[in-house]
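See below for the structure under consideration.
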Amino acid sequence: MKSLLVTSRVTFVPENYGRLVGGLANNPHVTAVLFLENRDLQTFAKGLGLWLSRLAPGIGAELVRNTLASFRDPREQAMRAAGKSVFTATHINAVETIGILGMFDLVINARTRFIYSRAALEAPRLGCINIHHGLLPEQRGLFCDLWAQAEGRQAGFTIHRMTRAVDDGEIIARHEVDVIRGRRFVEHALASSIEELKAVEQVLDQVVRTGRIEGIPNTKTAATRYYRNPGIAEIRRIRQKGLQP
């Protein structure tokens, strides 16, 4: 099976999500990576502002550090060293990008904020799966793990089939990630990335064995909540609860 990993050029995860990307470089079922280019002055300035203002210093520092490191991207080097193909694109729904997706059996989306078009979702033979950083079906939207920790809920991630509806599609795997009270949020993101690598590899083995994506219904419940990027006032309230973004 030929799988394509799709991720952002710059993330706020320590090591720029290298634990997942570098780990999958050694997986025989992942044959290529596609980096979506988000490395620009705006991203760098946002990270610098979050860092220097001490509003979200952990996230800000990692954005700055990972932007600079991305010019000689260790993740790309790991993929090339493993003999994997490396692609870059500016938008997942561009005609040229959809052509790349169509070269693969399966697409794994990890740490991007693009909404895939129908054409993009249908391009790979088996479809697309996503690593969602929240526990579906209850936690939907953005920064679910940050909000969960701030509200004293269990945090984790879910691997699910991608559909036109955001955070929808069958749940393939769901993993809780232990949270240490007082831990910096970026440390949780790093710990999560290590668990994600194991989970993705298990899912890949399952798809290879069965020849299809299998999951359970991702049905909304009374506990389902939709989260968004926290604003300045919300970040300050989160910090008052002892969580360090």
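List of remarks:
- Alpha-carbon Debye profile of region 51-162, log10 I(q)/I(0) at 0.12, 0.14, 0.19 Å⁻¹: -0.60, -0.80, -1.19
- With the charge dipole of the chain set up from +1 on Lys and Arg Cβ and -1 on Asp and Glu Cβ about the Cα centre, the Cα lying farthest toward the positive end among the listed residues 226, 124, 193 is that of 226.
- Residue 53 paired with residue 232, simple spin-label distance in nm, labels 7 Å along Cα-to-beta-carbon: 0.5 nm
- Normalised by the number of residues in region 35-166, the mean separation of alpha-carbon contacts (under 8 Å, six or more apart) gives a relative contact order of 18 percent.
- Each DSSP beta bridge with both residues in region 3-240 is either parallel or antiparallel, and the antiparallel ones are about 30%.
- Our note on the geometry: Cα centres of region 107-156 and region 195-235, 6 Å apart.
- Considering only alpha-carbon pairs that sit under 8 angstrom and 6 or more positions apart, the relative contact order computed for region 3-240 is 20 percent.
- Whole-Å semi-axes of region 151-244's equivalent ellipsoid (Cα gyration tensor): 29, 18, 10
- Magnitude of the charge dipole for the chain, about its Cα centre and with charges confined to Cβ atoms of Lys, Arg (+1) and Asp, Glu (-1), is about 560 debye.
- Length gained when the stretch residue 80-residue 222 is fully extended (0.36 nm per residue, less Cα-Cα span): 46.5 nm
- Relative to its residue count, region 1-121 spans a Cα convex hull of 90 Å³ per residue.
- Largest-first principal axis extents, alpha carbons of region 3-240, Å: 48, 45, 29
No value in this document is a laboratory result; all are computed from the given coordinates. Values in this document were obtained by computation on a predicted structure and should not be read as measured data. When we count neighbours, we look across all protein chains shown, and the Cβ atoms used for this are built from the backbone with ideal geometry, even at glycine.
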